[in-house]
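Read through the structure below, which is laid out as structure tokens, and then see the notes.
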Amino acid sequence: MELLQQSLFIPCGEHQLHVRHIQPRVAVHAEPILMVHGAIENGRIFYTESGKGLACFLARHGYQVYVADLRGRGLSTPAIAVQAGHGQHELITEDLPALHRWIAARHAGFRLHWMAHSWGGVIMASTLVRLPELAVQIASLVFFGTKRGISVQNPERWLKVDIIWNRLAPWLARRSGFLAARSLKMGADDESLRYLQETIPWIKCGPWQDPHDGFAYDEAAARVNWPPLWMISAKADKVLGHPTDVRRFSAEMGSATRHTRLGKDNGNRLDYDHINMLTAPQAQEDHFPQILAWLLNPQTA
């Protein structure tokens, strides 16, 4: 099916949030999908202009897919290098609600599916805890490699988390006013210092409470009527979305959850890792068709 891609911009305070709208050229009535990226990323984890990626796969099967760049990332303006005063608190309380409501208004009568990679799932879950009234408007949640805290111990964790993210990255961000992850080849996009400061206590497995205003997500999560949730992890993901920590977060959410670990021992073509679970060509034959089936009938078992 031929696809149509266009860039749209959603106002959110002083920011313009970029959304890549990917849809079949011939209109099909289907529930829309909102996709959100993780840390030091942007929405390109889900799509390419040439038609690769999960977003394009689902649009090819009739879905209206909206891939977001959170504030300052990707094509959203102003860039973090220009305005870096925000943290993850604003993504939870402002960006995601604005994205959801804008898409919901375009597709009145339809519920949305929410999908996220890595820390994007933490942002989505936290927004639902803050605004539980949104849950009835959401048909399902699919999180790829999403953890809130990292409990596993191994050399890769010591390097990537303890040394680089928790220590080096904040030091670099203080020197320049933001973490220039792209130019430093640390990631696909930049991050603000406040974002780093607000994520680090959670990554260290501290309480699920907002470092900015003290909101107790851990207590409020029990009051959320969670939509069907599918947590997907990868066998070769040793740190950033280790299956153990993915399960820990779903337990913390208190949601009945379907869990899948992608790997050859589970019948997949690859032992996937944190990134190629969304980018590998084999995914289009492995788990992407299963996600398509899930959208038609979400269930946690």
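Table: residues versus (1) of a type in the set (V, I, T); (2) open to solvent by 40 Å² or more (accessible area, probe 1.4 Å); (3) under 30 Å from A81 (Cβ atoms); (4) free of Cβ contacts under 8 Å to residues at least 60 places away in the same chain.
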site	(1), (2), (3), (4)
W158	no, yes, yes, yes
H212	no, yes, yes, no
R223	no, yes, no, no
A234	no, no, no, no
If N276 satisfies every condition in (1) open to solvent by less than 20 Å² (accessible area, probe 1.4 Å); (2) under 16 Å from A116 (Cα atoms); (3) not β-branched (V, I, T) but one, which is the exception?
-> (1)
Please state which of the following conditions V26 fails to meet, knowing it meets all the rest: (1) hydrophobic (A, V, I, L, M, F, W, C); (2) open to solvent by 10 Å² or more (accessible area, probe 1.4 Å); (3) touching a Ser or Thr at 6+ places or on another chain (Cβ under 8 Å).
-> (3)
With respect to V136, determine if the residue is touching a residue at least 40 places away in the same chain (Cβ under 8 Å), surrounded by fewer than 18 Cβ atoms within 10 Å (Cβ to Cβ), of a type in the set (A, V, I, L, M, F, W, C) and within 30 Å of N225 (Cα to Cα).
-> yes
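Per-residue answers, yes or no, for (1) assigned to a strand (DSSP E or B); (2) surrounded by fewer than 19 Cβ atoms within 10 Å (Cβ to Cβ); (3) at pLDDT below 95:
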position	(1), (2), (3)
Y195	no, no, no
C205	no, yes, no
M231	yes, no, no
L240	no, no, no
R247	no, yes, no
D265	no, yes, no
Of the conditions (1) touching a residue at least 40 places away in the same chain (Cβ under 8 Å); (2) open to solvent by 10 Å² or more (accessible area, probe 1.4 Å); (3) outside any loop (DSSP other than H, G, I, E, B), the single one that A105 does not satisfy is (1)
Starting from the stretch 26-47, keep only residues that are farther than 23 Å from I203 by Cβ and modelled with pLDDT under 95, then list their pairs with residues that are not polar (S, T, N, Q) and not in a loop (DSSP other than H, G, I, E, B) whose Cβ atoms are within a distance under 7 Å, requiring at least 6 positions of separation or different chains.
-> E31/L112; E31/H113; E31/A139
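The values are calculated or read from the model by the stated rules, or taken from the named source; none is laboratory data. None of the values given here were measured: they were computed from a predicted structure. Quick reminder, even Gly has a Cβ in these numbers, built from the backbone with ideal geometry, and neighbours come from all protein chains shown. Areas reflect the complete protein model, heavy atoms only, side chains present, ligands, DNA and RNA absent. Shrake-Rupley method; radii C 1.70, N 1.55, O 1.52, S 1.80 Å.
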